[in-house]
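Here's the structure we're looking at; comments come further down.
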């Protein structure tokens, strides 16, 4: 278990005053990228309220930037839509899975309750937002070299784009949360219980997040369909069928 004393890491500010401007915000962001265990433990153990807005801002900025890159090829309207919807997926996943994650922490013997599990996962998604934001220029370059909706090979390009973004977002989420694994183990009653709880969180969030993304489609417009914020049949089908069809389109199955 981690013991804490004093006023916590120097990069943090008093919870009554919140953040002290951009310098402190960027210090916290840098510490999250490094997986600073002292900062993570201080946020979780002390229940720092100023950690929540930092994480939320990083999720909105990082995921919003990546979302704008996804929709860029299909005009400013789609760019704005996806920039709004990608951070929404993160927050909706936390809302849907919030109580379940807290219960899993207790059932699996980690003794990590609802509030701490939410803070762990919110921090993990903040790191994911930073990762996706950093990858955005690379993904933009790849998108610009994909076949457009009206070009020859548009169906294959659409399938490749779907699988590309699925892989990048899933990998960013997994790598970001792995940063928290050692911290979760130290907060848990035992290391094995912490590992089991962490794996349950990861699998549950991947499953729910993928399906929510399907319900909030489109993120890039399928050939022959119009740009719109939501499809009129959001609950028709599921993400896994779409991924399977994309693999078939690329002759991978």
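Bear in mind these aren't lab numbers, they're just calculated from the coordinates by the rules spelled out. Note that the structure is predicted; figures quoted are calculated from it, not measured. Counting neighbours? That spans all protein chains shown, and the Cβs are built from the backbone with ideal geometry, glycine included.
Assorted remarks:
- Members of region 225-242 found to be closer than 19 Å to residue 153 by Cα and touching a residue at least 24 places away in the same chain (Cβ under 8 Å), listed by number: 242
- All of (1) in a loop (DSSP other than H, G, I, E, B); (2) surrounded by fewer than 16 Cβ atoms within 10 Å (Cβ to Cβ) hold for residue 171 with one exception: (1).
- For first residues located in region 93-122 and buried (at least 16 other Cβ atoms within 10 Å of the Cβ), partners that are outside any helix (DSSP H, G or I) and lie 6+ apart or on another chain with Cβ distances below 7 Å form the pairs 102/113; 105/112; 105/113; 110/188; 110/189; 112/188; 120/180.
- Every test in (1) touching a residue at least 40 places away in the same chain (Cβ under 8 Å); (2) not in a loop (DSSP other than H, G, I, E, B) is passed by residue 138 save one, and that test is (1).
- Those residues of region 216-242 which are assigned to a helix (DSSP H, G or I) and buried (at least 17 other Cβ atoms within 10 Å of the Cβ), in sequence order: 239, 242
- Filtered residues of region 123-141 (kept if crowded, with 16+ Cβ neighbours inside 10 Å and more than 30 Å from residue 101 (Cβ to Cβ)): 140
- Breaking point among (1) assigned to a helix (DSSP H, G or I); (2) buried (at least 16 other Cβ atoms within 10 Å of the Cβ); (3) touching a helix residue (DSSP H, G or I) at 6+ places or on another chain (Cβ under 7 Å), for residue 147: (1)
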